[in-house]
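Everything below concerns the one structure shown next.
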Amino acid sequence: MLSRNVAFASRTNRLAFARLYSEGSTGSTRSDGSSDAFTKREKAQEDYYIKKHQAEQIAKLREQLAKQKEQLDHLESSIKKD
């Protein structure tokens, strides 16, 4: 990050340091609402992870649904036999 340290002299002659960040430091949103490449890349990675995670959840739900259908078919066939 772009920053600079500024020394302040207090009344007791001790030095205190403060870190000041420039507007629009890497990864931060600028005052005009624009963003830099790092912010866009981070958002893209988050979106990719979310889509991948949702796809995995849907696949698990489909497997569970298929198992439930098999059990239902088995129970229906056993009822028809009796």
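Annotation: lysines with alpha-carbon distance below 26 angstrom to K40 (same-chain offsets under eight excluded): K51, K52. The local environment of H53, defined by Cβ-Cβ distances under 13 Å, has a net charge of 0 under the rule Lys, Arg +1 and Asp, Glu -1. Taken along the Cα-to-beta-carbon direction at a fixed 7 Å, the label points for Q54 and L72 span 2.5 nm.
In segment 37-82, with Lys and Arg counted as +1 and Asp and Glu as -1 at Cβ, which of these residues, S77, L65, T39, has the Cα nearest the positive end of the dipole, that is, farthest along it? Positive-most Cα among the choices belongs to T39.
Readers should treat all values here as calculations from the given coordinates under stated rules, not as data from a laboratory. Owing to the predicted nature of the structure, the values given are computational and were not obtained by experimental measurement. Note: ideal-geometry Cβ built from the backbone for every residue, glycine included; neighbour counts use all protein chains shown.
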